[in-house]
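Visitor: Handing you a structure now.
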Amino acid sequence: MSATSASAYDEVIYPSAIYPQTHPDRLATIAHLMGLGPAAVSGARVIELGCGDGANLITMAFGLPGSQFHGVDLAGEPIRKGNQLIHTLGLTNVSLRQLDLLETPADLGRFDFIIAHGLYSWVPAPARDKILALCGAHLADQGVAYVSYNAYPGNHLRDIVRHMMRFHVQNFSAPMEKVRQARALVKFAADAKPNPGLWQNVLKQQSERVSRYTDAGFFHDDLSAINQPFYFHEFMEQAAVHGLQYLSEADLPEMLGEGFGAEVTAMLRQLDSANVIVREQYLDFLKGRSFRQTLLCRRDTKLDRALKPERALALLAVAETRLVKPDAVISSSATEDFAGPRGAVIGTSHPVVKAALVHLGNVFPQAVPVQDLVHLARERCSGPVHSTKASGSSSKSPGHAAGEAMAPGPPREVSFASDAADLAEFLVRTCAMGFVELYTHAPPFTTHISEKPVASALARCQIQQGEVISTLRHQTYKVEGLLSQTLLRLLDGTHDHAALLRILGELLRSGAATITREGQPLANLAEAEAMLPSQLEENLRRLARAGVLVA
Ligand SMILES: C[S@@+](CC[C@H](N)C(=O)[O-])C[C@H]1O[C@@H](n2cnc3c(N)ncnc32)[C@H](O)[C@@H]1O
């Protein structure tokens, strides 16, 4: 297909999205942990194949002004939309081009990071081969490629409904009618029996999956003529043809074989050292995996997948964590539990690890260099009795903060090197579990709420188009309600808190915006006005915590 011909993605626009797991920093961190020497993300060359409207790439380019980003996509309309945003933002380090990847010029040069999200399974065989050929030919020596694809065996379940739906919609021509009919068929089949057996239960599970999709995403992902899943070993055989080897999954916790019985765990451990491809394939059989986000590097690159803890010492750590018992004395050797993301709880008795987690929790989402964290945590362990109240998300100070009771424990005569090794081991182990995050680079946001706050120009630009914005943590963030949306538009550094209150108050009084309590709009204007100052501070705190403020 030529770049100028109409594409299905021009007819039905694919939902704009950003993917934290494709960010060069994620790829660089994993590469670093596995013994590669990836390019610094602050000065890298990055290309995204099938970039859609470039939302993913533009957000990266905005946060990494010293790096160069290139995007290609067959569809013209999304590329036009992306280029408009680039122009509005005045970005000079990102370019998007309408191009069939089969026609990419040979002189593209080398890239430190190549990204192909949501592409491999949805293109014909020659284009699939071209994706891997481009990675093989254009990846820098220590470069990392990200390729996602639908995987077997898990996708067999999705195939079942896909084939049913495609049969059912073949005589409808309007895309949204196809979507409506396909959804209706799956639901009809899933609900066909009052006492569902295995078959209806599979259909019910698929019906729920389908119901979570946007119409446009569902149209392309499930109803497209091509949606080809692969077994992991098949994908890796194709990658090897182009001189590529397996590095890791972009989602490290996906590589864990947790929750299995002793026999399975022992088998996986045995396979671990023998053959990573075989181990990963068996893990897919055991988990019923249906989607993979595989990182590849050049075959001749030396790597060591052992996740050596000392490698964490060159990184930065982030952790959204808190002490389960806020009054716990962290400098003692008692085991304390820390709550983390997605309900995870991890216990540790190591005073320096506890102090480090308390600090990370207090400054979240700021990234702290691991070396600094060792110093800070050691200071805290030998510090005086200290217990303070919450300092809020605006705290920039490394001082003691919420949820931390210090007590003069026995004098610690442990060397810096020993504490550093213990903390690094903990960070690497729990990063692989998704409890803490490691980075090579701190994104340019601040958690400090200044007198005249400034939100990123990207977020201020996006809020003119809709309610979903990109944060500098490379995540999407939904700004709900006219009051919050207006606030974000006003955060250009020219309004102090009093001015913000005045303008938002006028908006309230005009009746255009309301304040909600427990999901219900407040009918009483005086009550709503009284709540405005606390709403403003809460809104600013949320934006700061999401990584939207830059000053
Ligand atoms: C499923 S969408 C994924 C978009 C985006 N990467 C994402 O994950 O949100 C697939 C994208 O690949 C693009 N595409 C399909 N075939 C292509 C080709 N031969 N060359 C370049 N882009 C192509 C489509 O236009 C579409 O934007």
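Visitor: If you go through the range 254-262 one residue at a time, do you hit one that is touching a residue at least 60 places away in the same chain (Cβ under 8 Å) and under 24 Å from Q142 (Cβ atoms)?
Guide: yes
Visitor: Residues in the range 41-72 that are away from the ligand (no atom under 15 Å from the Cβ) and touching a Phe, Trp or Tyr at 6+ places or on another chain (Cβ under 7 Å): how many?
Guide: Within the range 41-72, the subset away from the ligand (no atom under 15 Å from the Cβ) is 41-45, 61-68.
Checking which are touching a Phe, Trp or Tyr at 6+ places or on another chain (Cβ under 7 Å) leaves us with 44-45, 61.
So the answer is 3.
Visitor: Which of the residues belonging to the range 114-146 are more than 10 Å from the ligand (Cβ to nearest atom), assigned to a strand (DSSP E or B) and crowded, with 22+ Cβ neighbours inside 10 Å?
Guide: I114, L139, G143, V144, A145, Y146
Visitor: Checking A75 against (1) away from the ligand (no atom under 13 Å from the Cβ); (2) surrounded by 18 or more Cβ atoms within 10 Å (Cβ to Cβ), which test does it fail?
Guide: Of (1) away from the ligand (no atom under 13 Å from the Cβ); (2) surrounded by 18 or more Cβ atoms within 10 Å (Cβ to Cβ), only one is false for A75: (1).
Visitor: For I13, are the conditions met, namely being in a loop (DSSP other than H, G, I, E, B), touching a residue at least 24 places away in the same chain (Cβ under 8 Å) and more than 30 Å from L316 (Cα to Cα)? Can you show your working first?
Guide: Numbers: in a loop (DSSP other than H, G, I, E, B): yes; touching a residue at least 24 places away in the same chain (Cβ under 8 Å): yes; more than 30 Å from L316 (Cα to Cα): yes.
Yes; evaluated as a whole, the condition is true for this residue.
Visitor: Okay, next question. Return the total of residues in the range 329-378 being in a strand (DSSP E or B) and not polar (S, T, N, Q).
Guide: Kept after step one, since they are in a strand (DSSP E or B), are these residues of the range 329-378: 329, 336-339, 345-348, 368-369.
Adding the requirement that they be not polar (S, T, N, Q) leaves 329, 336-339, 345-347, 368-369.
Counting residues in the range 329-378 that are in a strand (DSSP E or B) and not polar (S, T, N, Q) gives 10.
Visitor: Quick check on this structure: which one of E263, E234 is surrounded by fewer than 16 Cβ atoms within 10 Å (Cβ to Cβ) and more than 28 Å from the chain's Cα centre (by Cα)?
Guide: Values: E234 fails: more than 28 Å from the chain's Cα centre (by Cα).
So the residue among E263, E234 that is surrounded by fewer than 16 Cβ atoms within 10 Å (Cβ to Cβ) and more than 28 Å from the chain's Cα centre (by Cα) is E263.
Bear in mind these aren't lab numbers, they're just calculated from the coordinates by the rules spelled out. Predicted model only: the values in this text are computed from it and were never measured. Cβ sites come from the backbone with ideal geometry, for glycine too, and all protein chains shown count toward neighbours.
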